[in-house]
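The values are calculated or read from the model by the stated rules, or taken from the named source; none is laboratory data. Here the structure is a predicted model, which is why all the values come from computation and not from measurement. In this analysis, Cβ positions are derived from the backbone assuming ideal geometry, glycine residues included, and neighbour counts consider all displayed protein chains.
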Amino acid sequence: MNKVTSLAFFFMATSLLTAQEWETPVIQGYGKIKYFKDVAEQPDSTLKYNLIFDVKDSGEKDGVNAGLFKIARTINMLGAAKIALENIKIVAALHGEATFVALNEEKYQEKYGKLNPNAELIRRLNEFGVKLFICAQATASRNISAEDLNPDVELALSALSVLSNYQLRGYILMP
């Protein structure tokens, strides 16, 4: 291939890749994706996506917890690929540095002086059917009571039990 042809091919490929807009087709406003139809590997509509997420870090992506963002992005990608909603089952274990994302609005406001930026995303994930569990060991070590928690998050004995139980039930651990 000569230089002119290579350069033309490069610009054409670049324009195709950048033509798509960022979108949030299922979890509106969160977990933005660019969907590409013509790529080597796609979600498989014949599979059931039983996934478990280990949300333990406090890092943020687009103003929300990065782990919760990743869950929304996963749902958006599966939805864009036309995976049937009944074939998507997602569970998350919240613990460690991510424990405070599970605070209700009042307690989050008290601790950080602002509204919980994760509350709306947690509500939308819950409406989609995502089971969000918070580790009781993590809440106890941070003096957080059950009344301090967002009502869309369930208290579990430990993140360890959630992670092991769901993997033993056939859920795939998402990195």
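Quick notes on this one:
- Number of residues in region 120-141 that are of a type in the set (A, V, I, L, M, F, W, C) and farther than 26 Å from N50 by Cβ: the value is 1.
- Test: residue in region 110-121 that is of a type in the set (D, E), more than 26 Å from L78 (Cα to Cα) and assigned to a helix (DSSP H, G or I): yes
- Region 82-115 - residue that is surrounded by fewer than 14 Cβ atoms within 10 Å (Cβ to Cβ) and among the aliphatic types (A, V, I, L, M) and, of those, modelled with the lowest pLDDT: L85
- Test: residue in region 116-134 that is more than 15 Å from the chain's Cα centre (by Cα), surrounded by fewer than 18 Cβ atoms within 10 Å (Cβ to Cβ), at pLDDT 95 or above and not β-branched (V, I, T): no
- Flag for L149 being of a type in the set (A, V, I, L, M) and free of Cβ contacts under 8 Å to residues at least 24 places away in the same chain: no
- For region 55-81, a residue qualifies if it is among the small types (G, A, S), more than 18 Å from A119 (Cα to Cα) and either in contact with a strand residue (DSSP E or B) (Cβ under 9 Å, 6 or more places away or on another chain) or buried (at least 21 other Cβ atoms within 10 Å of the Cβ) (or both), and the qualifying residues are G79, A80.
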